[in-house]
Ligand SMILES: [Zn+2]
């Protein structure tokens, strides 16, 4: 480990100890190893406790499944079988990271359906996350970045933030990014010893179903130092301004959603009663300045698309 890396880590992360309780929020099997394989090992080595909160079984994963099972059509039962396979793979990966079976808590939400879980009218997704966090009492949470372009990842970030809203002493929050462009600076970097890196790559290989078509990409992601952006628990000054200015011809096909601890709202763009200021910035006037924070908005296509990644994604208001 370089001196610079040691300095960065000591300045930004707490010293891990037997008191450290790391909760890794992973939308899919393999996120835990790619994003936090080194962090997990370092917390374990210090005698801390680690739990993985797995949101989905990664069952909606058609191209690797078509390739490995030599089938074109994938029915519901095929998806369930694929999900069981990926569940077995994550258990093997965790074993290689020396975590017991009990360290995995799987919620079994639908793969590519985390946004839908978040946007349920009763905030049940947030309640589920809040209960899991309360039960484990983490001192540190590693979770996806709000800027991640995979919709399940962005939604997972929002769920964790809303689950922690109003907590007097929230755990330290570290956001990891897998899909999209990581920031050039301002991150905490965890580097591993060659032994820790080797164990991480062995755990990655346990995700056979993902290595079949994307082994090079997976190894490239896992070989990077682990980078996290610390998410501040200090409430942001609320704003009604949206960061997007989509062209008018797109408006009929756009949907805007807002999620906060007060609940969720979703409109077609034209029904959101947006106001445009002199600078051309759109505002959601229905958001009162005094409303509870954090609150988040998402802009998305309101029509089915084969492209799974978010174009606009989420922002914090
Ligand atoms: Zn993922």
Suppose each label sits 7 Å from its Cα in the direction of the beta carbon; what would the residue 75-residue 212 distance come out to in nanometres? 1.9 nm
Could you tell me the largest-minus-smallest coordinate of the C-alpha atoms of the stretch 112-187 on each of the three principal axes, in descending order and whole angstroms? 35, 28, 18
Please report the relative contact order for the stretch 103-241, taking Cα pairs under 8 Å with a sequence separation of at least 6, and give it as a percent rounded to a whole number. 23 percent
Quick one: divide the alpha-carbon radius of gyration of the stretch 248-316 by 2.2 N^0.38 Å and tell me what you get. 1.16
Kindly express, to the nearest 10 degrees and within the range 0 to 90, the angle between helix 194-205's C-alpha long axis and the longest C-alpha principal axis of the chain. 70 degrees
Volume per residue that the Cα convex hull of the stretch 205-285 spans, once the total is divided by residue count, Å³: 232 Å³
Globularity index of the chain, i.e. its alpha-carbon radius of gyration over 2.2 N^0.38 Å: 1.01
Length gain on complete extension for the stretch residue 66 to residue 244, per 0.36 nm per residue less the alpha carbon to alpha carbon distance? 60.4 nm
Residue separation times 0.36 nm, minus the C-alpha to C-alpha distance between residue 15 and residue 98: what's the value? 27.8 nm
Work out the FRET efficiency for residue 198 and residue 230 from their Cβ-Cβ distance, taking R0 = 22 Å, and round it to the nearest 0.05. 0.20
Within the stretch 14-46, what residues put their amide N at less than 12 Å from the label point 7 Å along the Cα-to-Cβ vector of residue 105? 22-26
Cα→Cβ-extended label distance, 7 Å offset, between residue 268 and residue 251, nm: 1.3 nm
Relative exposure of 111, 148, judged by other C-beta atoms within 10 Å (fewest first): 111, 148
If you fit an axis through the alpha-carbon atoms of helix 76-96 and take the longest principal axis of the Cα set of the chain, what angle between them do you get, 0 to 90°, nearest 10? 50 degrees
How far is it, in nm, from the label point at residue 221 to the one at residue 308 when both lie 7 Å from their Cα along the line to the Cβ? 1.0 nm
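Read-outs throughout are calculated quantities, based only on the coordinates presented, and are distinct from any laboratory measurement. None of the values given here were measured: they were computed from a predicted structure. Note that each Cβ is placed from the backbone with ideal geometry, even for glycine, and that neighbours are counted across all protein chains shown.
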